[in-house]
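One structure below.
Nothing in this text is a laboratory measurement; each read-out follows from the coordinates by a stated rule. The shown structure was predicted, so the numbers you read here are calculated from the model rather than taken from an experiment. Reconstructed Cβ throughout: ideal geometry from the backbone, glycine too, with neighbour counts over all protein chains shown.
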């Protein structure tokens, strides 16, 4: 936003510049809601929170050298009084709405094509794959982990530098109306729905409601936009639009997998055969790749050759530890669909690496509603069928997994107990999957395994 003056930023955000703050000739380089990150070139946005109001930290941010502050009117006068020469104070009745309006204005000023990605599982890896496919051809910015909410998404848009050609934005959903809100900010050209599964049922109540909430992304597309959806997904069919292009993937869809030869994949993309080389073998990752290829083709990019993939933290990274122990760190999130996919990967990895044992450390899956016990018990049954030798359940909900699991089982109440127990259970040659909903905090277990003397890491595996 360095090209914009304080007045232009105020107009885009629906804010006003306090006359006592002169501002500087150039606009800010980036935006932050954390006053601790307030440095020269930063526009600090003070958002009200549950515990404190970020606007009360505006003076501190300005004194630390921030370009300016965007705050509610009740904080503006104090911020202006503390502002050093050259700083700018903007006042807006609703700072979050102002932040979102500013992001939309910047997105339109960039003139970039925007791809929104959502799904019950796999949206982050699909976003990462899209970055790998697009970066060699277009100046592409993809949102970082966690920056997929009504706050994080506009911050990611505003971090995109001038000259960005494609924005790939992950869109998280907790309830109805939230994808619609994110889409209003991002104004996407392409909407990708990776899948629809049993996530957030506690709020939405049914798979049909989950599909409708995801399909808000399709509703938001312009008439020349493109919807990218799984082939023959009945939950999404009522939401498809005749006035936008639809590209299907998987099965016999428009983008489909024709042949696998080791790490080489042959795909058909709307009648064109292409070959890609990948560093993964998981079936669910191949499906996510098809979604990413479909989205890339929607903006005219059809790649061939090696696909560089850097997975976001906690999304299935493999780490090779000492004594031949392999850690699959999938601790960031979980639902019944992603649990099954992760257990499939554990089984395949164990065969490929001739593992001594298959170990699954599985925690609570949150927001599943009244059927949560059955969902957890079914995961235990699936783990049994996948050949898991040792199951550690973490949390009160996950304990139900043990009911349908016939091999060795340990159940603990929380991640702290799991971090103490699991390293002592792991032996040479084991492959260990760690997975749960984000709120369980199983990254503690991954950290404990990496730090344990008997499991000290040798480096990342692929």
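The gain in end-to-end length when the residue 344 to residue 323 segment is fully stretched comes to 5.2 nm, 0.36 nm per residue minus the alpha carbon separation. When you restrict to C-alpha pairs under 8 Å that are six or more residues apart and normalise by the size of region 244-307, the relative contact order lands at 30 percent. Take every pair of alpha-carbon atoms less than 8 Å apart whose residues are at least six positions apart; their mean separation over the length of the chain yields a relative contact order of 11 percent. Distance between the 7 Å Cα→Cβ label points at residue 283 and residue 414: 3.8 nm.
Remark: the chain is approximated by an ellipsoid whose semi-axes, taken from the C-alpha gyration tensor as √(5λ), come to 40, 28, 21 Å, largest first. Across region 6-95, the mean sequence separation of Cα contacts (distance under 8 Å, 6 or more residues apart), normalised by length, yields a relative contact order of 31 percent. Note on residue 108/residue 240: beta-carbon distance plugged into 1/(1 + (r/R0)^6) with R0 of 22 Å gives a FRET efficiency of 0.25.
Exposure proxy for 101, 264, 404: other Cβ atoms within 10 Å of each Cβ, ordered fewest to most, give 264, 404, 101.
Beta bridges per DSSP, both residues in the chain: antiparallel share near 30 percent.
Taking other Cβ atoms within 10 Å as a rough exposure proxy, 4, 162 sort from fewest to most as 162, 4.
Distance between the 7 Å Cα→Cβ label points at residue 389 and residue 36: 4.2 nm. Ellipticity at 222 nm from helices only: DSSP H runs of n ≥ 4 in the chain, each -39500 (n - 2.57), divided by the residue count, give -9500 deg cm²/dmol.
For the pair residue 151 and residue 275, a Förster radius of 45 Å applied to the C-beta separation gives a FRET efficiency near 0.65, rounded to the nearest 0.05.
Note on residue 302/residue 407: beta-carbon distance plugged into 1/(1 + (r/R0)^6) with R0 of 60 Å gives a FRET efficiency of 0.85.
Among 123, 373, the order by Cβ neighbours within 10 angstrom, fewest to most, reads 373, 123. Modelled label positions at residue 97 and residue 354, each set 7 Å beyond Cα in the direction of Cβ, lie 6.6 nm from each other.
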